[in-house]
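Accompanying notes for the structure given below.
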Amino acid sequence: MITRRGAVIAVALGAGAFAVGFAASRWRRQDESPIPEAATSEAAWNAGGRVIRSSSADSPPARAPDFRFTDQHGEERRFSDWHDTVRVVNFWATWCPPCVHEIPMLISVQESFRAQGVRFIGVAVDDPDAAFAMAKELGMNYPTMADPRRTIDLLHAYGNRSAALPFTAFVDPQGSIRDRHVGALTLEQTRAKIRALLP
């Protein structure tokens with residue numbers, strides 16, 4: 001026979017168990033859910049794989065740091081080799097879905113603005129073997145570097161303290177960073193940001 005007090009205790013225990021079970025099931029569903037669509041388009045990822053919102057930075061112009069690197073074809077490059085031109089510096093990684101998603105668009109824009117002297121430079125925050133293999137697989141028509149010992153420092157030097165990817169800096173012919181964008185760019189955004197820097 002269950003007393004009134006026993007019934008109250010049983011109901012309370014049952015409610016508590018249900019709440020714990022419901023919370024656990026929600027946690028499992030969230031943990032097992034697929035990557036949201038935004039993670040492959042307009043969002044940005046940090047090194048921990050966390051999806052964050054994209055944004056354009058309004059920081060005042062700063063001098064773009066110069067750097068040397070060996071690209072995916074084994075050629076020695078230097079950022080200042082393309083002085084007096086508009087340069088688009090794109091930080092990316094093979095483990096970053098929005099980075100990989102935007103690369104075909106960047107390839108297309110590089111081709112369409114090549115005659116106007118615009119130069120894209122990739123900076124992979126990644127293992128060189130993985131980054132260079134993907135660059136060749138995607139037909140990347142601009143040089144990219146991949147040096148995990150230096151790329152994070154470059155990311156910070158170009159104004160991205162959060163280390164979120166993808167990250168793109170737009171440098172004018174005088175060598176000043178005139179625009180920064182965290183997150184995947186659209187075709188329209190990329191064209192507009194480049195045209196704003198052309199003479």
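All of the numbers you see were taken from the coordinates with simple rules; none came from a lab. Keep in mind that what you see is a predicted model, and the values were worked out from it rather than measured. Neighbour counts are summed over all protein chains in view; Cβ atoms, including those assigned to glycine, are modelled from backbone coordinates with ideal geometry.
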task = Please give the number of the condition Glu76 fails out of (1) free of Cβ contacts under 8 Å to residues at least 60 places away in the same chain; (2) of a type in the set (Asp, Glu); (3) under 19 Å from Asp172 (Cβ atoms).
result = (3)
query = Does Phe79 satisfy the criteria of being over 18 Å from the mean Cα position of the chain (by Cα) and either over 17 Å from Asp179 (Cβ atoms) or of a type outside the set (Val, Ile, Thr) (or both)?
reply = yes
request  = Test each condition in (1) buried (at least 16 other Cβ atoms within 10 Å of the Cβ); (2) free of Cβ contacts under 8 Å to residues at least 24 places away in the same chain for Phe167 and report the one that comes out false.
outcome  = (2)
message = I'd like to know if the stretch 120-134 contains one or more residues that are over 18 Å from Pro104 (Cβ atoms), in contact (Cβ under 8 Å) with a residue 60 or more places away in the chain and of a type in the set (D, E, K, R).
response = no
query = Among the residues of the stretch 79-115 satisfying the criterion of being among the aromatic types (Phe, Trp, Tyr) and touching a residue at least 40 places away in the same chain (Cβ under 8 Å), which is surrounded by the most Cβ atoms within 10 Å (Cβ to Cβ)?
reply = Trp92
message = Against the definition (more than 16 Å from the chain's Cα centre (by Cα) and buried (at least 20 other Cβ atoms within 10 Å of the Cβ)), how does Val125 come out, yes or no?
response = no
